[in-house]
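Visitor: My structure is below; once you've seen it, I'll send some questions.
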Amino acid sequence: MDWRTESPEPWAFLESLRPGEVLTGTVAAIERFGVFVALDEGPGHPLFPGVGFITVPELSWRHADAPADVVTAGQRIACEFLRFDTYDAEAGLSLRALRPDPFQAFADRTAAGRELRGTVEKVLPFGALVDLGDGVTGLVPFRDSPDRPEDFGAGEEVSVVVTHLDRPARRVLLSGPRGAG
């Protein structure tokens with residue numbers, strides 16, 4: 001579909017937006033792959049429930065199993081404009097961009113070598129994911145480590161030591177356990 005000629009009003013609106021601009025609207029529809037937003041200042045979309053769209057990763061800094069865990073249909077929201085998706089003629093939006101990143105706050109107060117308590121979320125073949133609180137999860141890698149899968153059980157509280165913080169990648173590497181709780 002040639003959106004520019006067949007839907008000139010949405011196209012002109014989307015071209016007028018600038019990255020970083022804060023937009024408001026209403027959650028028009030929730031799908032497993034993201035959320036459609038009817039923007040207050042925007043026109044309707046010829047095919048979709050709204051001219052704005054938020055992908056699942058842009059909904060929240062914290063992991064959510066489903067978009068409905070973060071927003072509800074009809075909810076009023078403010079979000080940041082990221083990009084003009086010319087393929088679908090929609091505004092790519094971010095809800096999380098307007099909220100503080102819990103990882104950065106965690107990294108500000110935590111240094112390598114610090115011992116922490118956490119809860120094992122999952123045990124995978126390559127390592128254990130440990131919930132450190134405030135939406136931050138760290139990895140205890142099993143490769144090149146004395147830690148083994150049998151040292152961890154999902155739901156178990158463990159003591160771990162921060163071995164590396166990677167701010168750009170938003171990753172925490174850990175060693176552990178230092179005695180289950």
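The values are calculated or read from the model by the stated rules, or taken from the named source; none is laboratory data. Just so it is clear, the structure is predicted and the values come from calculations on it, not from any experiment. As a convention, Cβ positions derive from the backbone with ideal geometry for all residues, glycine included, and neighbour counts pool all protein chains shown. All accessible areas refer to the heavy atoms of the entire protein, side chains included, with ligands and DNA or RNA removed. Shrake-Rupley method; radii C 1.70, N 1.55, O 1.52, S 1.80 Å.
Visitor: Calculate for the chain the 222 nm mean residue ellipticity that helices alone would give, adding -39,500 (n - 2.57) per DSSP H run of length 4 or more and normalising by residue count, nearest 500 deg cm²/dmol.
Guide: So the helix-based figure for the chain works out to -3000 deg cm²/dmol.
Visitor: Can you pull the percent of segment 33-175's accessible area that's carbon plus sulfur, 1.4 Å probe, other chains left in place?
Guide: Carbon and sulfur together cover 52 percent of it.
Visitor: How about segment 104-144: which chymotrypsin sites (Phe, Trp or Tyr not before Pro) there lie in a loop by DSSP and see at most 14 other Cβ atoms within 10 Å?
Guide: F126
Visitor: Note down the relative contact order for segment 24-181 as a percent, whole number, built from C-alpha pairs under 8 angstrom at least six residues apart. Intermediate values should be presented prior to the final figure.
Guide: On the way: 343 pairs, mean separation 25.6, N = 158.
With pairs under 8 Å counted, the relative contact order is 16 percent.
Visitor: Can you give me the solvent accessible area of W3 with a 1.4 Å probe, rounded to the nearest 10 Å²?
Guide: 20 Å²
Visitor: Another one. Take Q75 and D144, extend 7 Å from each Cα along the Cα→Cβ direction, and tell me the distance between the two endpoints in nm.
Guide: The modelled label-to-label distance comes out at 4.1 nm.
Visitor: What distance in nm separates the two pseudo spin-label positions at E9 and A111, each 7 Å out from Cα along the beta-carbon direction?
Guide: With each label point 7 Å from Cα toward Cβ, the separation is 6.0 nm.
Visitor: Between F126 and S16, what is 0.36 nm times their sequence separation minus the Cα-Cα distance? Round to one decimal in nm.
Guide: Working: separation 110, 0.36 × 110 = 39.60 nm, distance 4.65 nm.
That pair, F126 and S16, stretches by 35.0 nm at full extension.
Visitor: Let me cross-check E80: its accessible surface, 1.4 Å probe, with only protein heavy atoms counted, in Å² to the nearest 10?
Guide: Roughly 50 Å² of E80 is accessible to a 1.4 Å probe.
Visitor: Additional query: For segment 1-140, max minus min Cα coordinate along each principal axis, in Å, sorted largest first?
Guide: The principal-axis extents, from largest down, are 59, 28, 27 Å.
Visitor: Using the Karplus curve 6.51 cos²θ - 1.76 cosθ + 1.60 with θ = phi - 60°, what ³J(HN,Hα) values do you get for each residue of segment 70-75, in whole Hz, with x for Gly and Pro?
Guide: Per residue, the Karplus-derived 3J(HN,Hα) values read 10, 10, 10, 4, x, 5 Hz.
Visitor: Right, next: Skip the ligands, DNA and RNA, and give the accessible area per residue of segment 11-129 with a 1.4 Å probe, whole Å².
Guide: 52 Å²
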